[in-house]
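Worksheet for the structure shown next.
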Amino acid sequence: MRDATQHSEPSAYASDVLSISLERRVLTAPDTIARAAARYAADSEQAWMLRQPHALRRSFAAQAFGRGETAEQIWMLQQADDVRDAYVREVLGG
């Protein structure tokens, strides 16, 4: 039996699963929470997504999040011109 004072480190897999779960929850959170989180995002792409309307973020979470770069690119190409234009302007600097 383990001593109550001992702590075990989570496995890398468990840590990744927790991270992805937390990211998805923030991504689909109400606008005020997502916008606040955008200030702490690791990069401009994450910050941009967190500043988008809730419906757009939910769409991304359902269709592309965690499915790889190709799924994300397909999702972006299916969005309205104003969304794609904002991404190019605000993330890619174009």
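Structure summary
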quantity	calculated
Net lengthening on full extension, residue 76/residue 43 (0.36 nm per residue, minus Cα-Cα)	10.1 nm
Dipole axis of region 12-92 (+1 Lys, Arg; -1 Asp, Glu on Cβ), positive-most option in 75, 88, 32	32
Magnitude of the charge dipole, region 12-92, Cβ model with Lys/Arg +1 and Asp/Glu -1, debye to 20	300 debye
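FYI, it's all coordinate maths here, none of it is from the lab. Just so it is clear, the structure is predicted and the values come from calculations on it, not from any experiment. Please note: Cβ atoms are built from the backbone with ideal geometry, for glycine as well, and neighbour counts cover all protein chains shown.
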